[in-house]
1. May I ask for the net charge around S198, where only other residues with Cβ less than 13 Å from the Cβ of S198 are counted and Lys, Arg are +1 while Asp, Glu are -1?
2. How far is helix 37-47 tilted, in degrees, relative to the longest principal axis of the Cα atoms in the chain, given as a value from 0 to 90 rounded to the nearest 10?
3. Compute the accessible area per residue over the chain, keeping the other protein chains in place, probe 1.4 Å, unit Å².
4. Which whole-number percent gives the relative contact order of the chain, counting Cα pairs below 8 Å spaced six or more residues apart?
5. Ordered by packing density, taken as the mean number of other Cβ atoms within 10 Å over each peptide's residues, highest first, how do 147-159, 92-104 rank?
6. List the extent of the Cα atoms of the chain along each of their three principal axes, largest first, rounded to whole Å.
7. With just the Cα atoms defining each centre, how far is the range 171-221 from the range 58-73? Give it in Å.
8. Once you sort the root eigenvalues of the Cα gyration tensor of the range 162-226 as a ≥ b ≥ c, which label holds: rounded (a/c under 1.5), prolate (a/b larger than b/c) or oblate (the other case)?
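The values are calculated or read from the model by the stated rules, or taken from the named source; none is laboratory data. All of these numbers come straight from a predicted model, not from anything done at the bench. Here the Cβ is made from the backbone with ideal geometry for all residues, glycine too, and neighbour counts use every protein chain on show. The accessibility values were calculated without ligands, DNA or RNA, using every heavy atom of the protein model including side chains. Shrake-Rupley method; radii C 1.70, N 1.55, O 1.52, S 1.80 Å.
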Amino acid sequence: MKPVRKAVFPVGGLGTRFLPATKAVPKEMLPVVDKPLIQYAVDEAREAGIEEMIFVTSRGKGAIEDHFDIAYELETTMADRDKDLSILDGSRFAPGNVSFVRQQEPIGLGHAVWCARHIVGDEPFAIFLPDELMVGTPGCMKQMVDAYGRLGGNIVCGLEVPEDQTSAYGIIDPGAADGPITEVKGLVEKPVPGTAPSNLMIPGRYILQPEVMGILKDQGRGAGNEIQLTDAMAQMIGKQPFHAYTFDGRRFDCGSKSGFINANIALALDNPELEPEVRAFIETL
Ligand code: G1P
């Protein structure tokens, strides 16, 4: 079984839900406490043993490229002033371990992933939707990679949400369950309210076999008139093992304002330096 060495980060979205904040700043660069959202996803990938990061970007996303590059002026100035440079470690890669490919038109997550096909090549790969902030010990992808070591095939993270939220997500038609592992019998993207096969949604973490790229090539438009990753994955069920993994940890939907604010509060309270002041302030409210 080939190991999961590569991760795709689709970061081409316009971020309209966070306007005007995201007019000139990519939504993935919005900070949760002191780190941009995208770096949480990259840190999670690294922890899972992933070496090569592939960003699928679009116009106006240059700040992400700069973030994961060497910043000579900053680093030289910091070094001259005897500042600790290790704070920048998570934003640095060995040369050649990070690549960027453009998604030229916003026509869906499936299309974004397909744009990375030449860099992914013929090996299993992970996908991270950085809007979804997953907090756990170990992290979500590390838990999934460990499960992959036992199961192989394709694994998506699965998480229960209230019934009235299922129409916003990719939803799993579940088969037999064994602890955190559930067999996937079917997948549907953004089911019409009342028609969802379960309340088990996919919170933006995937380990997929490279065959999905061939399916995406011919994948027609689905929900929202977009080329959906979920539709392409659904075609692999029955041909390759396909499981959902229930992550042990916390999830914040940072694609929504309330989720993003909740993440900031929760992670500030997790931080021993900030916790007393932030908690005291919350109590005054
Ligand atoms: C995307 C995926 C969906 C997934 C969701 C997680 O939807 O298409 O399957 O459940 O992310 O946040 P989007 O939020 O881009 O509409």
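1. Values: positive: K185; negative: E160, E163, D173, E183.
So the environment of S198 carries a net charge of -3.
2. 70
3. 49
4. 22
5. Numbers: 147-159: 20.2, 92-104: 13.8.
The peptides rank, most packed first, as 147-159, 92-104.
6. Principal extents (Cα only, largest first): 59, 47, 38 Å.
7. Spelled out, the Cα-based centre of one part sits 33 Å from the other.
8. Verdict is oblate for the range 162-226.
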